[in-house]
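Engineer: Can you keep this structure in mind? I'll have questions shortly.
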Amino acid sequence: MSPGPRTPSPRTPHPRNSSPRVPRPRVPLPRVLRRPRLPAFTHTIRFRLTVLYSGLLFVLTALVLGATYLAVERSGEAQPVSKGFSAKKYVNDVYIGEIDVVKLQEVEAAVTYETLGNLRNFSFVVLGVLAVASPAIGWILSGRALRPVRAISRTAAEIQATDLSQRIRLSGPRDELRELADTVDSMLDRLDEAFRSQRQLIDDASHELRSPLAIIRANLDAVLTAEDSDEEERRTAAHSVDRATTRMTRLVEDLLATARRNAPALADADVDLAAVAHEAAEEFAPLAAERRLTVQRRLAPGSTVIGDHDALRRAVGNLLSNAVRLAPPGTRITVAAGRAEGWAWTAVRDEGPGILDDDQARVFDRFWRARHHAGTRDRHAGLGLAIVRQIVESHGGQIRLFSKVGEGSTFVLWLPAPGPGGTGNGGPPQEAPQ
């Protein structure tokens, strides 16, 4: 018997899978052609305006000529003169021959045909000339329209961070571009004033910090580090260093407060001015007691405003600091708070030397120094009152000063009160609250 067909073993690989798989060769993809780079001038607004102007001019002219051509064509039939008609001519009954004749309608049609031909040729010529001339016309018109913009860009490019004195001062009609130039000029005025104020602040702060640092350095070199100095000299030098350090610390704190007030966003919350004034009075009560000063409080409830509690407390604290420093020993300092005519207020009154009428308008300037009656200058200067004004104005309020020489000074902080019966358009009262 012949053996039957052999069944392949399950472990035997299939003949198709017995040979190793050969990887297909990768066909390189065609390289993507890069888009041609257009010249730089094609990316300008002037080029886009030129294309817009010339395109509109060309399209409008083509529409006008096309409408004229269609109107002439529809006004009558246009066809060439046909010569298929003839007539016999007789003179004195004598036959001369045949002549070509046409009808009147054919003459009119021929005239229309020639007119349309001339109009068509003229239109093509006009469109050809316009296709060449319109880009030049559009380029010139767009250049004249964008001339103020170039002046603004040129001035802005010439302005440096250290020199903001240049202005555009665009002349011509008061159109949108003139308004843009005036807006940029006003912005430059504000930036110039801000940079000038910043430079002045840095110069003044550097000058004010230099004096206490020089005092500290002189006492360290001459007394505290000298081996032959006695105990009394060391004690006097230590007091001088302490006063200079306190002055420098107060100045640094004022500078930090100025920087914080320039930062955005106040923490809006309900603030009780009576509580703020009470906290500030408690803070300066020990210092006032050392100088034999009496701090009197007259704090009425209901003087609530919306603002920053810490900033307002610092404002009242700066007023108390000046009062404690300048008031004669044995006098009284009054801290008050209340509400009047839709405004909340807090005030600090002292019995110090007072401020001259000519100096009251400048007392809130940074690092301003008051004059004594004899013409000498007070050595105490800083940012305290400038920070007070900045804090009050950032809350939408106003600060008022009432002072007489020899009788003392009263500083009143007027702040808008929320709710019904709030701030009116007339501003806070002009007189000091009683």
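The values are calculated or read from the model by the stated rules, or taken from the named source; none is laboratory data. Predicted, not measured: the structure shown is a model, and the values here were computed from it. Neighbour counts are summed over all protein chains in view; Cβ atoms, including those assigned to glycine, are modelled from backbone coordinates with ideal geometry. Just so you know, the surface numbers come from the protein's heavy atoms only, side chains and all, with ligands and any DNA or RNA stripped out. Shrake-Rupley method; radii C 1.70, N 1.55, O 1.52, S 1.80 Å.
Engineer: Which ³J(HN,Hα) values, rounded to whole Hz and listed in residue order, are derived for segment 298-314 from phi using the Karplus coefficients 6.51, -1.76 and 1.60 in 6.51 cos²θ - 1.76 cosθ + 1.60 with θ = phi - 60°, glycine and proline given as x?
Structural biologist: 9, 10, 8, x, x, 8, 9, 10, 9, x, 9, 4, 5, 5, 5, 5, 5
Engineer: Something else about it: Sort 127-138, 276-287 by the packing proxy (mean of other Cβ within 10 Å over each peptide's residues), most packed first. Can you show the working numbers first?
Structural biologist: On the way: 127-138: 14.7, 276-287: 17.7.
Result, highest mean first: 276-287, 127-138.
Engineer: With charges only on Cβ, +1 for K and R and -1 for D and E, what is the dipole size of segment 242-361 about its Cα centre, in debye, rounded to 20?
Structural biologist: Numbers: 15 positive and 18 negative charges, 72 e Å.
Using only the charged Cβ atoms, the result is roughly 340 debye.
Engineer: Okay, moving on. Kindly sort Tyr53, Tyr95 by accessible area of their heavy atoms, largest first, with the probe set to 1.4 Å.
Structural biologist: On the way: Tyr53 85, Tyr95 110 Å².
Highest to lowest solvent-accessible surface, that is Tyr95, Tyr53.
Engineer: Just to confirm a number: summing +1 for Lys and Arg and -1 for Asp and Glu over residues other than Ala288 whose beta-carbon lies under 15 angstrom from that of Ala288, what do you get? Numbers along the way, then the final one.
Structural biologist: On the way: positive: Arg291, Arg292, Arg297, Arg325, Arg332, Arg349; negative: Glu279, Glu282, Glu283, Glu290, Asp350, Glu351.
My count for the surroundings of Ala288 gives 0.
Engineer: Output ³J(HN,Hα) for segment 64-70: one whole-Hz value per residue in order, computed from phi by the Karplus curve 6.51 cos²θ - 1.76 cosθ + 1.60 with θ = phi - 60°, and x for Gly and Pro.
Structural biologist: Values, residue by residue: 5, 5, x, 5, 5, 5, 5 Hz.
Engineer: Oh, and also: In debye, nearest 20: dipole of segment 295-374 around its Cα centre with unit charges on the Cβ of K, R (+) and D, E (-)? Kindly include the intermediate steps, with their values, before the conclusion.
Structural biologist: Values: 12 positive and 9 negative charges, 54 e Å.
About 260 debye.
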